[in-house]
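Notes for the one structure printed next.
The values are calculated or read from the model by the stated rules, or taken from the named source; none is laboratory data. From a predicted model like this one, the values you see are computed outputs, not experimental measurements. Neighbour counts run over all protein chains shown; Cβ positions are idealised from the backbone, glycine included. Side chains included, ligands, DNA and RNA excluded: accessible areas come from the protein's heavy atoms. Shrake-Rupley method; radii C 1.70, N 1.55, O 1.52, S 1.80 Å.
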Amino acid sequence: MATTTEAPRQTLFLRNATGLVKAWSTFDAFLYAFWSVNLVTLGLYGMSFVYAIPDGQLLGAVLLTGVLVTFLVITYAQLVSVMPRAGGDYAWQSRILGGGIGFVLAITGWWFTLWLWTPIYANILVLQFFAPLAYTLGWTGAATFFTSPNGIFVSCLIVLAFVSGVITLGMEGYAKIQRFCFWLGMGGLIVMVGLLLFSTHDAFVSAFNREAASLFGASGNAYQATIAAAAKGGTSGVTFGNFGFTSTLLLLPFLAFYLLWPVWGATLYGEVRGAKEYRKVFSAMFWGLWVTVALVAVIILLILKTVGWDFYYAANAAYWNSLLPGGAAAPVSTWPYPVMFAGWLVGNHLFQALLIAVMGLWFFGWAGTLFLSSTRVIFAAAFDRVLPEWAANISAKRRVPYGSLILMIVPSLVVSALFAYRANFQVIFLDATAVIAVTFLGTVIAAAILPWRRADIYRNSPIARWRVAGIPVITVTGVISAIFLAFMIVEWSLNTVYGTAFTTNVLPLQYFAVTYLVAIAIYVVARVVRKRQGIDLARIHQEIPVE
Amino acid sequence: MRVFYATDLHGSEVCWRKFLNAAKFYNADVLICGGDMTGKAMIPIVEDGDSYELTLSGVSQRVGRDQVAEVESQVQRKGYYPVRMTSAQVAELEKDPAKVQTLFTEQMCKTVERWMQMAQEKLKDSKVRVFVAPGNDDEMEIDDVIANAPRVELAEGRMIDIGGYEMISSGWANPTPWHTYREAPEEELARRMEPMLRDIKEMSRAIFNFHPPPYGTSLDEAPALDENLKPLHGGRVLRHVGSTAVRDAIDKYQPMLSLHGHIHEGKGIARMGKTLAINPGSAYEEGMLLASIIELDQKRGVKNYQLVNG
């Protein structure tokens, strides 16, 4: 029997018009999100603090964080598809919550707090690159220099120079650097995974003792000595099977140090043509997050198998305790970098150095993200005339956004010097994640009320038809994300385990109170000055009536 | 004098209505629409017995006769042209690009004509002057429609005195990968500008209203594309795509103000010597009217400016 099939009918006709482009590759956007939740730099560094909650189940906490951050990803991807704007959080909050709230929340998170991230990046560069590389090559003097205040400050200068260079190079150059670092860095990771996978626990113990003696002059059984050093500080007998529900939840704020950032690039989507396509934006962020979660799970299981769970916690505890006033020295005096440990499984210092150098590409592919989002937020605020016009200035020849770069680099230098030379100031840096979480909280609240606050824009968006039990999906995911973020903000503020509790140290509270007051002051001054110039900042976001 | 400038409405009826209402909302004396008024797509609303079927933003829907006007309004909001037709007519159009083009022109002119009537109704008791200059995406046929409108002045290709300020306008752009309707090589763009530039008596009080932004500024950065029109590096890599002829004209003549559009992502301002160049960007698909308000002062020229999201 013959059958006929009707050709699908054309659902629209297009004509020649500017801007009709084909779909962009999700891979590049994925790369940006993947670098933002950096498994090696932020991930390994952040997880070195989880020894403080030994009863928490780390793998379970990683998976739970992945699930909760997915709601954040869904919320942000929806916001991008409704309003793709350069400046992301600033643009959404100012247009939904109001210009003043948007400015204060976004500028404190994306401008003032990013100054604090310069020394954090620099410290990671020291712990994962300069120090282990120098120790491995036998340059002990260089290694100890980089852990000194001068060394930390020099590392801050290197980070600032590199980041400025990347921004000067532009996104095209940076995208190429990211790709290069991604493929080589992944190669390094595969080698590291292979070494941990195909080596036994006994081989690791033996290798650790060998290199601890060779590179750090440790005598005897350094492996056991490390466990004993941690036990003196109160960390002992940690097993992978430990599971306390509350303790596992309390690991989430530690893991947020890296897993909270797949939405980091959302500030750039105003420049991306076709960003209104929800699925592509979501895919880039989602896979950036979940590929990292999967890789973390692999690393955790390999540490369990080859390194030993108790030892991993002990090594971190011994190192961080040794930095406390009066803390006992650890047998291996450098940060317990899992990459370095994996390299020790091959008894060749040149190979070990090469592995550390290649894994250093995880830093250099990622470091450019430090100020990129900040520049976009500063641009958006300058276009709104809340900040002076020169803040959005770009040099004619090299296209360098020198206005916003000055606003980032000069304060970062001051903050870096404080970090390097004033030890009591360092507690403030622990709050660097919390303040950005506050900014995100503002955004997800804005997202949750979007269908009512900007009903017209919402109704006209591709997400308007998505509902759960009659409630807009953006409201549901926004509320879940808000609860998650609020939980962490409360914990950071009150729980002493993170070192950020206001109850034990009021310095961070004072510091951040000042930054919020400065942001409020800038906005109020801008309103007054602009009014005198005949400009009403309130009308920036007012919607013109349609009828 | 307060000037309200918006551009790249691309057929969005909501944006056009907001544009007309901006005069009262912002107390503006002059409204300028910078070009690319017309839509990029036609949506067939296919008759099927007592109901109609259409696909909008990838979602197919079937509506009754009483709901057709509402969905047509939804389509217009997005800047598309809703056209009621039968399945047979759709099939006929699929086979014949010339017929599609004719229908597009018809829809465009009909819509612009309706917009002009709207301007007449909304602004009949107002002293506000309204200028429209087409852009590279606008077909030539709409010029006559605008020229015949009683309440709107066609700005294309001439010098106009606006309360003592001289404005010259052109919607022609340097070549794009899409081969649109008003494109020309840079040399020809420069030749088109020459007679208008000669008409200007005082550059310190002049306004350039050129659709493409000046090359090499922050106003002309668009996503870099490969040869298949696919954005490179996730759409994040930007390249300058503005006009060198426009750039040269600004650099040489230094007008008080230069108004641009064309690159929706290029929202911002650029100081080019004595010239303030503005591209307010465009978010027409959201029904949001990105625009700029510029205060002109007889002594100081541009007194201040503001980019707004109306």
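Given the structure, is residue A:184 in contact with a His (Cβ under 8 Å, 6 or more places away or on another chain), modelled with pLDDT of 95 or more and surrounded by fewer than 21 Cβ atoms within 10 Å (Cβ to Cβ)?
So residue A:184 does not fit the description; no.
In the stretch B:80-102, the residues that are facing chain A (nearest Cβ under 10 Å) and assigned to a loop (DSSP other than H, G, I, E, B) form Cβ pairs under 7 Å with partners that are open to solvent by less than 50 Å² (accessible area, probe 1.4 Å) and small (Gly, Ala, Ser), at six or more places apart or across chains, as follows: B:80/B:11; B:80/B:39; B:80/B:41.
Once the stretch B:246-273 is narrowed to residues that are at pLDDT 95 or above and of a type in the set (Lys, Arg), the residue that is surrounded by the fewest Cβ atoms within 10 Å (Cβ to Cβ) is B:252.
For residue A:115, are the conditions met, namely being open to solvent by 10 Å² or more (accessible area, probe 1.4 Å), touching a Pro at 6+ places or on another chain (Cβ under 7 Å) and in contact (Cβ under 8 Å) with a residue 24 or more places away in the chain? Yes, satisfied. Only helices (runs of 4 or more DSSP H) whose full extent lies in the stretch A:185-259 are considered here, and the ones with at least 2 residues that are within 29 Å of residue A:326 (Cβ to Cβ) and within 28 Å of the chain's Cα centre (by Cα) are A:245-250, A:252-259.
Taking the condition under 30 Å from residue A:546 (Cα atoms), surrounded by 15 or more Cβ atoms within 10 Å (Cβ to Cβ), at pLDDT 95 or above and β-branched (Val, Ile, Thr), does residue B:145 pass?
On the way: under 30 Å from residue A:546 (Cα atoms): yes; surrounded by 15 or more Cβ atoms within 10 Å (Cβ to Cβ): yes; at pLDDT 95 or above: yes; β-branched (Val, Ile, Thr): yes.
Criteria met by residue B:145.
If you take the residues in the stretch B:276-296 that are without any contact (Cβ under 8 Å) to a residue 60 or more places away in the chain and out of contact with any His (no Cβ under 8 Å at 6 or more places or on another chain), which one is nearest to the other protein chains (Cβ to nearest Cβ)? For the stretch B:276-296, the residue satisfying everything is B:286.
Going by the conditions given, is residue B:41 more than 9 Å from chain A (Cβ to nearest Cβ) and over 22 Å from residue B:157 (Cα atoms)?
On the way: more than 9 Å from chain A (Cβ to nearest Cβ): no; over 22 Å from residue B:157 (Cα atoms): yes.
Criteria not met by residue B:41.
If the requirement is being more than 26 Å from residue A:359 (Cα to Cα) and crowded, with 16+ Cβ neighbours inside 10 Å, which of these qualifies: A:225, A:231? Give the steps one after another, and end with the answer.
On the way: A:231 fails: crowded, with 16+ Cβ neighbours inside 10 Å.
Within the list A:225, A:231, the selection yields A:225.
For the subset of the stretch A:521-536 comprising residues that are within 32 Å of the chain's Cα centre (by Cα) and surrounded by 16 or more Cβ atoms within 10 Å (Cβ to Cβ), which member is nearest to the other protein chains (Cβ to nearest Cβ)? Only one residue tops the list, namely A:526.
Among helices (runs of 4 or more DSSP H) lying entirely in the stretch A:383-459, which contain 1 or more residues that are crowded, with 23+ Cβ neighbours inside 10 Å?
Values: elements: A:402-421, A:432-453, A:455-459.
Once the helices (runs of 4 or more DSSP H) in the stretch A:383-459 are filtered for at least 1 residues that are crowded, with 23+ Cβ neighbours inside 10 Å, what remains is A:402-421, A:432-453.
Among the residues examined, residue A:228 qualifies as more than 30 Å from residue A:490 (Cα to Cα) and either more than 14 Å from chain B (Cβ to nearest Cβ) or of a type in the set (Phe, Trp, Tyr) (or both). Tally the residues that are among the basic types (Lys, Arg) and touching a residue at least 12 places away in the same chain (Cβ under 8 Å), restricting the search to the stretch B:241-275. Number satisfying all stated conditions: 3. Contact map, the stretch A:431-456: first residue within 14 Å of another protein chain (Cβ to nearest Cβ), second residue surrounded by fewer than 21 Cβ atoms within 10 Å (Cβ to Cβ) and of a type in the set (A, V, I, L, M), Cβ cut-off under 7 Å, separation 6 or more or different chains; the map is empty.
Going through the stretch B:31-79 one residue at a time, which ones are of a type in the set (Ser, Thr, Tyr), open to solvent by 50 Å² or more (accessible area, probe 1.4 Å) and either closer than 19 Å to residue B:110 by Cβ or free of Cβ contacts under 8 Å to residues at least 12 places away in the same chain (or both)? Steps first, answer last, please.
Initially, the stretch B:31-79 is screened for residues of a type in the set (Ser, Thr, Tyr), giving B:38, B:51-52, B:55, B:57, B:60, B:73.
Next cut, open to solvent by 50 Å² or more (accessible area, probe 1.4 Å) only: B:57, B:60, B:73.
Hits for the stretch B:31-79 are B:60, B:73.
So in the stretch B:47-69, with the set limited to residues that are at the interface with chain A (Cβ under 7 Å from one of its Cβ atoms) and part of a strand (DSSP E or B), which one is modelled with the lowest pLDDT?
Taking the stretch B:47-69 as the starting set, the residues that turn out to be at the interface with chain A (Cβ under 7 Å from one of its Cβ atoms) are B:55, B:57, B:59.
Those left that are additionally part of a strand (DSSP E or B): B:55, B:59.
Working: B:55: 87, B:59: 77.
Restricting to residues being at the interface with chain A (Cβ under 7 Å from one of its Cβ atoms) and part of a strand (DSSP E or B), the top hit is B:59.
Filtered by the rule that a residue be of a type outside the set (A, V, I, L, M), at pLDDT below 95 and over 17 Å from residue A:115 (Cβ atoms), the stretch A:150-180 gives A:165, A:168, A:170, A:172, A:173, A:174, A:176, A:178, A:179, A:180.
Every condition in (1) in contact (Cβ under 8 Å) with a residue 40 or more places away in the chain; (2) under 30 Å from residue A:300 (Cβ atoms); (3) in a helix (DSSP H, G or I); (4) more than 14 Å from every other protein chain (Cβ to nearest Cβ) is met by residue A:374 except one, and the failing one is (2). When B:203, B:288 are screened for being more than 22 Å from the chain's Cα centre (by Cα) and not β-branched (Val, Ile, Thr), only B:203 passes. In the condition set (1) touching a Lys or Arg at 6+ places or on another chain (Cβ under 9 Å); (2) crowded, with 22+ Cβ neighbours inside 10 Å; (3) in a helix (DSSP H, G or I); (4) not acidic (Asp, Glu), residue A:131 is compliant with all but (1).
Step by step: first the residues of the stretch B:158-183, then only those that are part of a strand (DSSP E or B) and among the β-branched types (Val, Ile, Thr), then the one that is nearest to the other protein chains (Cβ to nearest Cβ). Which residue is that?
Initially, the stretch B:158-183 is screened for residues part of a strand (DSSP E or B), giving B:159-162, B:165-170, B:173, B:183.
Filter again for among the β-branched types (Val, Ile, Thr), leaving B:160, B:162, B:168.
Details: B:160: 25, B:162: 19, B:168: 22 Å.
Ranking the qualifying residues of the stretch B:158-183, first place goes to B:162.
Within the stretch A:460-484, the set of residues being within 14 Å of chain B (Cβ to nearest Cβ) and part of a helix (DSSP H, G or I) is empty.
Give me the residue from the stretch B:274-310 that is of a type in the set (Gly, Ala, Ser) and under 22 Å from residue B:78 (Cα atoms) and, out of that set, surrounded by the most Cβ atoms within 10 Å (Cβ to Cβ). First the steps, then the outcome.
In the first step, residues of the stretch B:274-310 are kept if they are of a type in the set (Gly, Ala, Ser); the result is B:277, B:281-283, B:287, B:291-292, B:301, B:310.
After this cut, where a residue has to be under 22 Å from residue B:78 (Cα atoms) as well, the list is B:281-283, B:287, B:291-292, B:310.
On the way: B:281: 26, B:282: 28, B:283: 22, B:287: 22, B:291: 30, B:292: 25, B:310: 24.
The selected residue is B:291.
The requirement of being under 30 Å from residue B:243 (Cα atoms), buried (at least 16 other Cβ atoms within 10 Å of the Cβ), of a type in the set (Gly, Ala, Ser) and in contact with a His (Cβ under 6 Å, 6 or more places away or on another chain) is fulfilled nowhere in the stretch B:120-133; no residue meets it.
So which of B:29, B:8, B:36 ends up being of a type in the set (Asp, Glu), within 22 Å of residue B:131 (Cα to Cα) and within 8 Å of chain A (Cβ to nearest Cβ)?
Values: B:29 fails: within 8 Å of chain A (Cβ to nearest Cβ); B:8 fails: within 8 Å of chain A (Cβ to nearest Cβ).
Just a single option satisfies the conditions, and that option is B:36.
Would you kindly identify the strands (runs of 3 or more DSSP E) lying entirely within the stretch B:213-268 that contain at least 1 residues that are out of contact with any His (no Cβ under 6 Å at 6 or more places or on another chain), among the hydrophobic types (A, V, I, L, M, F, W, C) and at the interface with chain A (Cβ under 7 Å from one of its Cβ atoms)?
On the way: elements: B:221-223, B:238-240, B:257-259.
Counting at least 1 such residues, we get B:238-240.
I'd like the full set of residues that are among the aromatic types (Phe, Trp, Tyr) and open to solvent by less than 10 Å² (accessible area, probe 1.4 Å), limited to the stretch A:289-340. Break it down into steps so the answer makes sense when it comes.
Here is the first cut: in the stretch A:289-340, the ones among the aromatic types (Phe, Trp, Tyr) are A:290, A:309, A:311-313, A:319-320, A:335, A:337.
Across the stretch A:289-340, the qualifying residues are A:311, A:313, A:335, A:337.
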